[in-house]
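**Q** Before I ask anything, let me first share the structure, which is written out below as structure tokens.
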Amino acid sequence: MLLQLSAEFDLQSDVVPWLLAQGPAAALDTFEKSAANPYIVNVERNGKIIYTWKGSGRNTCIGLYDPLNKQNEHLYTFEKDLHIISCSINNEKTLLAVSFLQSTKEERVNQLLQPVSKCLTLVIEIHPVNNVRVLKAVDTCIRVQFLYPVANRNPFPESHLLLISEDKYIEQFHIHVVTEDHHKVVIQNSGQLPRDRVADDLIWAQWDMTEQRLFYIVPKESRNILKCVQFYPDENFNLILEAPLDISLRDTGLKFVNFGYDYSQDQEMEPRSLNLQVFTSKTGSFCLCCSQAPDIPMEVTYSVSFLHKGYSKTFTVALQRTDYPQVKEVAFLNLDYYVAVYLPGHFLHLLNTQHPDLMCYNLFLTGEDARINVLHKSSIQSPFKSAVWDCCSGRMFTVRINECSLMKFLCNSKLDSDRLAALHCALLHVRNTTDLEMQIIQWISENLSTCYTFDPLQEFIIASLYWTMCPETSKLDKLLPYTSLLYWNGIIPGITCITDIISLPELKVHNCKGFWEKLTLNLECVKYAEPHLHYNNNVLRREWYKLLSDEKAEERRTTTYLRNIFENAKKVLSNLAAWNLEERLVPLFQEEDYQQRLLIGLMVAQLKDHLMRHLQYVGKMKIDQIVLDYVSKLLDLICRIMEAVWRKYSLQSCVLCLDERGSVAEFSAFHIMSRILEAANGMCMPLPPGFHTLHTGLGVRCLPLHTLLHYIDNGVLQLTETCAIKLLKDLDNTEKNEKLKFSIFTRLPEAIGHKVSQLWNHPVNSNFIARNSVKLLLDKLRNRQHNRPVVDRLSVHVEFLPLNYLVDMLAEVEDQGLNPFEEEDNVNAKFVEETALKHTMMLLGL
């Protein structure tokens, strides 16, 4: 069970015991499982729950439950049997708005000669109970809803009440109250209450209680229009958004969403022809979820329009189970970063609202994984984020993704699409616990070779950085990469998807804050091709390769340019060291790795340039810190992966000795480090200092010589100065070790080889030094024209003309100051001559 429900309210346990303890007037008339039982009629913005029940003598009573102090309160009693269809209380608990049917169907048949309005809408003074004001007496049903201030404030002298009529209009009443006799609150205006017309000709309406917004749809000639009205504490309201819809809506009467619950109406209804809901999130996501009555009995079709992205996705699911009772419709739940589509007994579909472009970010579950405990019926509402209201049972729940079940699903999944979706979902929740991160790393280390369409290490590093950094600054989520995948060609079994381009919403009011500011930003990103805004490492890779090739060709850039790059790297490594004051388990050498420091500094410079172009409103110091933290956290993530691997295999924290063979555990660690290197190279990401030395050291311990050299030649292992020196110190000069040393030395980069070779006192190494010396001198000499005088500088002249000629030539080159080794290594023509003779004698066996 991926979704976990936590009970917040239950009529049977939180209300019924209190009712039974009340006096005769309030006590339940009968306690049967029927419509006479208590049921919830509305949930207000402050979380308070309004419910109704039948008291003694079939009186109709209204009560209020406060979830903060877990107390019930009797609000009002009608001394007759009424069918309440809507109810709301203002923020100050001084006014109660009620809409009810005045008689049953049978009674209306008997009252044909006495015309009586079907529905009566009242506003009642309840502090204390006093006057009753009739707002509407009509033959169509009315819904009522008081507006609430978004922020806490002192009691306001005026309350604002929305009336939503089935005659397809919405009005706002302004009710001014005054205090009499120091405690009695009454309505001031004795005449008709002032009102505003909010909307006309609508066919669907939804109330957003959290943000005090009204969404509604009006039909036009060519297409339907979704509109949004934002209400403000100062009694003003604005039409703030319009969005043309490509959804065909059959006009079968006005549909209400989040305007309370009518128990008897739900019991009488057939499966609704239209199920439509709007979900928004703090990230600026704006989704319209829609499902209609299926044309094929064992098939369900629903669509989600990602209005903040400019496209919609229509999903068709073939139902597998025939033994499960027929349900009315799918339920849509708002989980903030996800929209859940739930069909009890069949499936649970989680759609990522922030990155809906790739299907592999959606979790589609069936069977036991899709089951949600205690939710078995279709009368489910999601009145606000992460909340579920089971209307039939009268229970309220908070809903969240169960991290343990998510990890279990990740570990048991066989499809890459399921693994990728579960991995990203888990990384979204890593911020809540570090234990979850360790579980993810454990899973990655065990499944590196089982994921065929994506690299789990790349996804882990990039997505972790994304979710860590993006909450710090707005718009970062549009500029930082969130995946290593550019596209996804896979399919999800059991579900088909069609993507359509839709029109973008039009904002009518600008310079808004909060959600509307984020939505505006999302729409701008869509207009300006959002994928191109994300940081890309292609430019970084080209620049890095160019600097490395310039280094080999001895064509370095300007000193200032390189100095700035290495200064960036220095700041990152200092920042990384400041985060990790405790000694790490992994024996990483703090060494000077030119290539990695160059890459670290370049990444800082280029990421900084990228953010500066798009975050003009953010100061330079803030951007510098963001970039510094991003690259530092990247290196820290790799270190944490290696720490987890060392703990998993119980490896020692001491520095590895290269004269011993590696264990099975070390070979496993070597394999994971190889995959980390592969992932880093694929995304052009830097590695922490000492990574290559430790990786190569494990390779020397774990691999046979021919495999080791193959890995070095193909770039899997990269030789460092620290590793070469350690190899020289740890290994003696046995024949096997000499072969290993010589094989390594011949593959060392020239700059490192020149330094390290001076530390090995061995004839083979002396021969290597002499050959390099001759090669360099002759390369220098090749481009110079000169006349060579005969100069004899040798104390002993050997009767071997080729050697004599070579030594004389080298001596002359030394005189011209061309010897690159002369000052620091005392390598001269005499040394070359002696080394050549010794080597010849060895070959001849003399």
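The values are calculated or read from the model by the stated rules, or taken from the named source; none is laboratory data. Please read all numbers here as calculations on a predicted model, not as lab measurements. Quick reminder, even Gly has a Cβ in these numbers, built from the backbone with ideal geometry, and neighbours come from all protein chains shown. With ligands, DNA and RNA removed, areas are computed over all heavy atoms of the protein, side chains included. Shrake-Rupley method; radii C 1.70, N 1.55, O 1.52, S 1.80 Å.
Conditions (1) on the phi < 0 side of the Ramachandran plot; (2) open to solvent by 10 Å² or more (accessible area, probe 1.4 Å); (3) at pLDDT below 85; (4) not in a loop (DSSP other than H, G, I, E, B), marked per residue:
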site: Phe256; (1), (2), (3), (4): yes, yes, no, yes
site: Gln267; (1), (2), (3), (4): yes, yes, yes, yes
site: Val278; (1), (2), (3), (4): yes, no, no, yes
site: Lys282; (1), (2), (3), (4): yes, yes, no, no
site: Leu288; (1), (2), (3), (4): yes, no, no, yes
site: Pro297; (1), (2), (3), (4): yes, yes, yes, no
site: Thr314; (1), (2), (3), (4): yes, yes, no, yes
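**Q** Identify all residues within the range 55-70 that are small (Gly, Ala, Ser) and part of a strand (DSSP E or B); write none if there are none.
**A** Within the range 55-70, Gly63 is the sole residue that qualifies.
**Q** List the pairs whose first member sits in the range 519-540 and is surrounded by 13 or more Cβ atoms within 10 Å (Cβ to Cβ), whose second member is among the basic types (Lys, Arg) and at pLDDT 90 or above, and whose Cβ atoms are under 8 Å apart, counting only residues at least 6 apart or on separate chains?
**A** Once the first residue is surrounded by 13 or more Cβ atoms within 10 Å (Cβ to Cβ) and sits in the range 519-540, its partners that are among the basic types (Lys, Arg) and at pLDDT 90 or above give Asn522/Lys309; Val526/Lys309.
**Q** Taking into account only those residues within the range 495-518 that are of a type outside the set (Val, Ile, Thr), out of contact with any helix residue (DSSP H, G or I) (no Cβ under 9 Å at 6 or more places or on another chain) and surrounded by 16 or more Cβ atoms within 10 Å (Cβ to Cβ), which is farthest from Phe364 (Cα to Cα)?
**A** My answer is Trp516.
**Q** Take the conditions within 19 Å of Leu239 (Cβ to Cβ), touching a residue at least 12 places away in the same chain (Cβ under 8 Å) and crowded, with 19+ Cβ neighbours inside 10 Å and apply them to Val198. Does it pass?
**A** When the stated conditions are applied, Val198 passes them.
**Q** I've got another one for you. Inspect the range 430-448 for any residue being within 30 Å of Val278 (Cα to Cα), open to solvent by less than 50 Å² (accessible area, probe 1.4 Å) and touching a residue at least 12 places away in the same chain (Cβ under 8 Å) and give the result as yes or no. Spell out how you get there, then give the answer.
**A** Here is the first cut: in the range 430-448, the ones within 30 Å of Val278 (Cα to Cα) are 430-432.
Those still in the list that are open to solvent by less than 50 Å² (accessible area, probe 1.4 Å) too: 430.
Right, trim to touching a residue at least 12 places away in the same chain (Cβ under 8 Å) and you get 430.
Yes, the conditions are met somewhere in the range 430-448.
**Q** Filter the range 1-36 down to the residues that are buried (at least 17 other Cβ atoms within 10 Å of the Cβ) and touching a Leu at 6+ places or on another chain (Cβ under 8 Å), then identify the one that is modelled with the lowest pLDDT.
**A** Ala26
**Q** Next question, about the same structure. Hey, could you check the range 646-673 for residues that are part of a loop (DSSP other than H, G, I, E, B) and open to solvent by 70 Å² or more (accessible area, probe 1.4 Å) and say which is nearest to Lys729 (Cα to Cα)?
**A** Let us first name the residues in the range 646-673 that are part of a loop (DSSP other than H, G, I, E, B), namely 649-663.
From the residues that got through so far, the ones that are open to solvent by 70 Å² or more (accessible area, probe 1.4 Å) too are 650, 652, 654-655, 659-661.
Working: Ser650: 26, Gln652: 20, Cys654: 16, Val655: 13, Asp659: 10, Glu660: 13, Arg661: 16 Å.
Among those that are part of a loop (DSSP other than H, G, I, E, B) and open to solvent by 70 Å² or more (accessible area, probe 1.4 Å), it is Asp659.
**Q** Something else now. Consider only pairs whose beta carbons are under 7 Å apart and that are at least six residues apart or on different chains; among these, list those whose first residue lies in the range 632-645 and is in contact (Cβ under 8 Å) with a residue 40 or more places away in the chain and in a helix (DSSP H, G or I) and whose second residue is surrounded by fewer than 21 Cβ atoms within 10 Å (Cβ to Cβ) and among the charged types (D, E, K, R).
**A** Cys639/Arg584; Glu643/Arg584
**Q** Moving on. If I ask for residues that are farther than 20 Å from Phe146 by Cβ and within 43 Å of the chain's Cα centre (by Cα), which ones from the range 54-71 would you list?
**A** Listed by number, the residues that qualify are Asn69, Lys70, Gln71.
**Q** Considering only residues that are within 11 Å of Leu576 (Cβ to Cβ) and more than 20 Å from the chain's Cα centre (by Cα), which ones fall in the range 600-634?
**A** Ile600, Leu628
**Q** Phe742 fails exactly one of the following numbered conditions: (1) among the aromatic types (Phe, Trp, Tyr); (2) closer than 21 Å to Ala836 by Cα; (3) at pLDDT 85 or above. What is the number of that condition?
**A** (3)
**Q** Examine the range 696-718 for a residue that is crowded, with 20+ Cβ neighbours inside 10 Å, in contact (Cβ under 8 Å) with a residue 60 or more places away in the chain and assigned to a helix (DSSP H, G or I), and state whether such a residue exists.
**A** no
**Q** Scan the range 676-694 residue by residue and report those that are in contact with a helix residue (DSSP H, G or I) (Cβ under 6 Å, 6 or more places away or on another chain) and either surrounded by fewer than 17 Cβ atoms within 10 Å (Cβ to Cβ) or over 12 Å from Ile638 (Cβ atoms) (or both).
**A** Cys684, Thr693, listed by residue number.
**Q** Among what's in the range 590-614 and is assigned to a loop (DSSP other than H, G, I, E, B) and open to solvent by less than 50 Å² (accessible area, probe 1.4 Å), pick the residue that is farthest from Pro686 (Cα to Cα).
**A** Glu591
**Q** Let me ask something additional. Residue pairs, Cβ under 7 Å, 6 or more apart or interchain, first in the range 583-609 and in contact (Cβ under 8 Å) with a residue 60 or more places away in the chain, second β-branched (Val, Ile, Thr) and assigned to a loop (DSSP other than H, G, I, E, B). List them.
**A** Pro587/Val655; Glu591/Thr720; Asp593/Thr720
**Q** Would you mention how many residues in the range 615-631 are assigned to a loop (DSSP other than H, G, I, E, B) and either touching a residue at least 12 places away in the same chain (Cβ under 8 Å) or among the aromatic types (Phe, Trp, Tyr) (or both)?
**A** Number satisfying all stated conditions: 3.
**Q** Which of the numbered conditions does Leu122 fail, given that it passes all the others? Conditions: (1) open to solvent by 20 Å² or more (accessible area, probe 1.4 Å); (2) at pLDDT 90 or above; (3) not polar (S, T, N, Q).
**A** All conditions pass for Leu122, except number (1).
**Q** So, one more: Looking for whichever is open to solvent by less than 20 Å² (accessible area, probe 1.4 Å) and either acidic (Asp, Glu) or in a loop (DSSP other than H, G, I, E, B) (or both) here; the options are Phe454, Phe460. Which one fits?
**A** Phe454
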